[in-house]
Structure formats: structure tokens, C-alpha cells
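Participant: Before we start, here is the structure in question, set down as C-alpha cells.
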Amino acid sequence: MTPPSPREIAHWVLGIAILFGSERLGSLIGTALALPVPGAVVGMLLLLIGLMIYGGVPRGLAKVSAQLLFLLPLLFLPAATGVFFLRNLTLSDWLALLAAILFGTLISLTLCTLLLRHLLKKTDTAHSHDQ
Amino acid sequence: MISEFLHSPLFALPLSICAFWLGVLLYRRTGTVLLHPIVTASLLVFATLHTLEIPYSDYQSSSGLLYALLGPAVVALAVPLKQNLTVIRRAGWPLLVTIAVGALLAPAIAVVIALLLGAGKSVLLALSGKSITTPIALALAEKIHATLSLTAAIVVLTGVVGALAGPPLVRCLGIRDERILGVVLGINAHAVGTARALEISALCGACAALAMGLCGALSALVLPLIIGT
């Protein structure tokens, strides 16, 4: 493995700066306009619009983002661990929760699948009529 | 002296990193979604804290650095979203409609089931973020005053259930279209589902990443308005 060139490091720093900058800007806009949306999500949408205008993803930003998203489980590990320390939920709460997750996910999976298939079929037949 | 060390970030951070690293190793070895890194890692951290009698609040407050990186991680989601935007051009509005409907349907069904079974308000609030990718779900949980830990656990569990059940379920419905499988996994099983979709094919993964990003952004825009009232 060759050590990264100064050029590459500059790309990474730029990528990190873009991420933190977008988040700060998103939070500022969110608070200024008293938006109900989390500031980080505003930042994400700002960055998405920026990238669409720019017409691509800068190399450093792509690399830093991929790395950060790989580390994502580590970032929410402290929050996730807290579930083992929750004491204010009753047994019936837990059962309702597990049932909701299990059956809710299965039902929603099925409905989304059927809906998308139906919609895709419609457009496909519309396209074949065009031709 | 030792107890001070155990309650400082100098202990909490390496503990999290080691647990995560072991989790990743085990996940790669076994390749089953059931052992997603977060499952192993959170159990390891819990076992350590429990054995050393460290209060969770101490561990949590000394993990500030990790919490601080969640915001930039949300922003980073824009990158895969941009990279996979071309999928929309090919599948167009059916994709967008399904994502919009799914973003509302997934939490709504779960909340209704929990409501029928008589769950308390904290459970219902935490369930509303169920199928959103974790960093966005946590940011949202802060906004709507849901318990962060419960939200994180629900999101992880949903991801695992969705990623396990999704592919066989879609096959059972007689569907071979990888675009459909990808989108459905992205909507219902967020990052865990997207990782699963990437194993199936690049197209499937791209659809999942796109669905996950759009679904998360849409939920963050709409859910506070519904719950806030």
C-alpha cells in the first residue's frame, strides 16, 4: 500500500469539509426557519442539489462518504446499546413492539412489492403501445 | 483512578471500536444478516458495561464523538443517492410513487398493530421511525421526542427482519424483477436491506440505495408534520 499523496489528502479534507459544511448550513437554515425537519436532513438535501448541479461526485467526497457510511453501525452503537438498559417498558409493550415489527414489516414488504409490480406493468404496456 | 478511566471517553471509544470491529469480523465470517455487526457489537458493549458495573449514562455521555458524527453521516447519504439517481430515469414514476406510499405505509401499519395490541405512547413514537435509515431515524427521534435507544433498536430489528424475509417473500409472489426487490428492500429494510440487495446484484443494490435515501428524506420531511400535530 503506497502512502496517500498530498493531492489525495487534499481531496479527503475537501470531502470532510463539504460534509461538515453542509450539516452546519442545514442546521442553521433549519433553526432559522424553525423547520420541523432535522437539520442534518436539510444538509443532505442541500448537498444532493449541489451534486446534481455540479453533475458528479468529487472523488474525495465519494471516498469519505463511503468510509463514513461503512462506519455507520459504530456511530449509532451507543444509542443501540441503550435498548438493553430500558426499564420503563412493560412486557405487553415489548410484545406489541415485536409483533408490530415482525408483522408490520412483512405486510409492508408485500404491499410495496404488489404496488410496484402493478405500476411497472402499467408503464410497460403503455410503452409497448407507443411502439 | 481506574474507575475514572472506565467512565471516560478513553475507555468508551476503544470499547465501541473493538466491539464494532469484532462484529464486522463475525458478520463477514458467517454472512448472515442475523449477525449484523450492530447486533454483536451492542451485545458485547452491554456485557462489558454490565460486568464492570458502568452505568449506561456514563458510557453514553462519553461517546459524544460518535454521536457528533451522525449528522455528517446523514449528509453523506446524499452521495449514494446522487450516484443512483439514474435508476429513476429508467423506472420513473412507478418507483417514486411506491417509495412515497411505502414511506408512509411501513410505519403506519406497524403503529396500527402496536396500537391494537395496546402499546404505550413511547413505543408508538419510536415505531414511527421504523423503516428509516438509522442516522435519519435518530435525528427524527430527537425532533419528535422519541426514545433514541428504542428507535435505534427498532430500526435495526426491522432491517434484519426485512432483509431476511424480503428476498424469499418477493420470490414467493412470483417476481423475478431485481428492480422491484431492490426498491422494496430499500424502503422496508433501509441499510441492512441495501447491503443484502448489493449481494444480489448491482442493479438491485442501486435501487435499494435510492429507495432508502428517498424514503428517509421523505419521512423526515413528512413525519414531523403528522406527529407534531
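Only the coordinates and a few stated rules stand behind these numbers; no lab work does. Computed from a prediction, not measured in an experiment: that's the story for all the values here. Here the Cβ is made from the backbone with ideal geometry for all residues, glycine too, and neighbour counts use every protein chain on show.
Participant: Roughly how compact is chain B, stated as its Cα Rg over 2.2 N^0.38 Å to two decimals?
Facilitator: 1.06
Participant: Within 10 Å of each Cβ in B:48-60, how many Cβ atoms from other chains are there, averaged over the peptide?
Facilitator: Mean shielding by partner chains, rounded to a whole number: 2.
Participant: Okay, which of segment B:32-66 sit inside 12 Å, backbone N to the point 7 Å along the Cα-Cβ direction of B:SER3?
Facilitator: Counting only backbone N, you get B:53-55.
Participant: Can you pull the mean other chain C-beta count within 10 Å for peptide B:7-18?
Facilitator: That works out to 1 on average.
Participant: I've got another one for you. Rank the residues B:VAL33, B:VAL123 as a footprinting-exposure proxy: fewest other Cβ atoms within 10 Å of their Cβ go first.
Facilitator: Fewest-to-most ranking of B:VAL33, B:VAL123: B:VAL33, B:VAL123.
Participant: Another question, if that's okay. To the nearest Å, what is the center-to-center distance of segment A:38-81 and segment B:92-112, using C-alpha atoms only?
Facilitator: Answer, in whole Å: 23.
Participant: Over chain B, what relative contact order in percent results from Cα pairs under 8 Å that are six or more residues apart?
Facilitator: 19
Participant: For peptide A:46-52, what's the mean number of Cβ atoms from other chains within 10 Å of each residue's Cβ?
Facilitator: Average per residue, whole number: 5.
Participant: In addition: Answer rounded, prolate or oblate for the protein assembly as shown, using the Cα gyration tensor with square roots of eigenvalues a ≥ b ≥ c: rounded when a/c is under 1.5, else prolate when a/b is larger than b/c, else oblate.
Facilitator: oblate
Participant: Would you work out which of B:GLY162, B:ALA197, B:ALA76 lies farthest towards the positive end of the dipole of the protein assembly as shown, given +1 charges on the beta-carbon of Lys and Arg and -1 on that of Asp and Glu, about the Cα centre?
Facilitator: Going by the charge dipole, the pick is B:ALA197.
Participant: When the Kirkwood hydrodynamic radius is evaluated over all pairs of different C-alpha atoms of segment B:1-65, what value in angstrom, to one decimal, is obtained?
Facilitator: It is 12.2 Å.
Participant: I would also like to ask the following. For helix B:148-172, report the angle its Cα long axis makes with the longest principal axis of the Cα atoms of chain B; keep it between 0 and 90° and round to the nearest 10°.
Facilitator: 40
Participant: In debye to the nearest 20, how big a dipole does chain A give about its Cα centre with +1 on each Lys and Arg Cβ and -1 on each Asp and Glu Cβ?
Facilitator: 120
Participant: At a 10 angstrom cut-off on C-beta neighbours, averaged per residue, how do the peptides A:115-122, A:38-45, B:35-42 rank from highest to lowest?
Facilitator: Result, highest mean Cβ count within 10 Å first: A:38-45, B:35-42, A:115-122.
Participant: Now for a different question. Rounded to the nearest 500, what is the 222 nm mean residue ellipticity of the protein assembly as shown from helices alone, with -39500 (n - 2.57) per DSSP H run of 4+ residues and division by all residues?
Facilitator: Here the helix-only value at 222 nm equals -27500 deg cm²/dmol.
Participant: Okay, next question. Run through all the Cα pairs of chain A and give the fraction in each 10 Å bin from 0, expressed as whole percent.
Facilitator: Result, from short to long distances: 10, 19, 23, 28, 16, 4, 0 percent.
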